[in-house]
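Values quoted throughout were computed directly from the atomic coordinates according to the rules given, and no laboratory measurement underlies them. Source: prediction; values computed, not measured. Virtual Cβ from ideal backbone geometry, glycine too; neighbours counted across all protein chains shown.
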Amino acid sequence: MPAATTPRTPEPRHRIRALHTDSTITVHQAYPPAIGLPAARDGRFPATWKRDRMTWIKPSFLWMMYRCGWATKEGQETVLAVEITREGFEWALRHACLSHYDRDVHPDRAAWQRELKRSPARVQWDPERDVRLEALPYRSLQLGLSGEAARRYADEWIVSVRDVTPLARRVHELVRDGELTAAQGLLPQETPYPAEPDGELLGHLCP
C-alpha cells in the first residue's frame, strides 16, 4: 500500500517571496547599461539616476524576467540584484498604499486618492511567473518608490548591487533548450518573507 502523502498547502494569493537574510532583502531592477553597469561597479546608483522619479523594485527574479524580457527589452538590458536593508524595505511597506483603488481596502475613491498623494511608496500585486514566464494563480509584489522613499532607497538602504544579467541570459538559454529543471536550479532561492497578508506590514495593502 503506498505511503500517504501530505497535501501541499496552497500558495496564498498575496505573498512576498524573496531572497532574504535576517537583515536584508534582495530586490531586482533593470536599467540601460549606462546606469546598470556603474551601479553594479560602485555599489550605488550613478548621478544620472533620477531621485525625483518613481522607481519600481521587484523581489521576484522571474517577475523581473517577465518585465524585461530576459534582459532583451530596450532600456532594460542590465538586470541588477539590489540587496537592501529589511528595515528600509519595511519602512516603505508601512508608508505605502495600493497603486489602484480597491473597494475592499478603501472607504471610497476620494480616500484612496488622498492616500495616494501623501504616500511615498505604492504597491501593486501582479501574477507571479513560472520559469517559462507564464502567469501563476497567485500574486507577486511590486513596490514603487518616490520622493522620500526613493531618496532613502538610493542613499540609505542599499547594502550591495550585483549585475545578474549573465544569470538571466543563462537561465533563458536553458528554458529555450527545454532544460527546465536545470533552469529552475539556477534561480535565486526565494522564500516567503515574514509578512502576512493580514499583518502589520501588509494588512493595508492586500485586497
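Can you tell me what the convex hull of the Cα atoms of region 74-203 projects to on average, as an area in nm²?
Value for region 74-203: 9.7 nm².
Each other residue within a Cβ distance under 15 Å of Arg86 adds +1 if Lys or Arg and -1 if Asp or Glu, for a net charge of -4.
What per residue convex hull volume, in Å³, do the alpha-carbon atoms of region 1-136 yield?
Working: hull volume 24.3 nm³, N = 136.
Taking only Cα atoms, region 1-136 has a hull volume of 178 Å³ per residue.
Packing here is the average count of other Cβ atoms within 10 Å per residue, and on that basis the peptides 158-169, 191-202, highest first, run 158-169, 191-202. Which of Gly36, Gly185, Gly75 ends up with the largest GNM mean-square fluctuation for the chain, with Cα atoms connected below 10 Å? In the Gaussian network model the winner is Gly185. Taking the Cα centre of region 6-99 as origin and assigning +1 to Lys and Arg Cβ atoms and -1 to Asp and Glu Cβ atoms, the resulting dipole is close to 260 debye.
With contacts taken as Cα pairs under 8 Å and at least 6 residues apart, the chain reaches a relative contact order of 31 percent. Considering helices alone, the calculated mean residue ellipticity of the chain at 222 nm is -8500 deg cm²/dmol, with DSSP H runs of length four and up weighted by -39500 (n - 2.57) and normalised per residue. Which values of log₁₀ I(q)/I(0), to two decimal places, follow from the Debye formula for region 8-86 at q = 0.14, 0.20 Å⁻¹ with a uniform point scatterer at every Cα? Here log10 of I(q) over I(0) equals -0.52, -0.96.
Each Lys and Arg Cβ is given +1 and each Asp and Glu Cβ -1; about its Cα centre, the chain then shows a dipole of about 500 debye.
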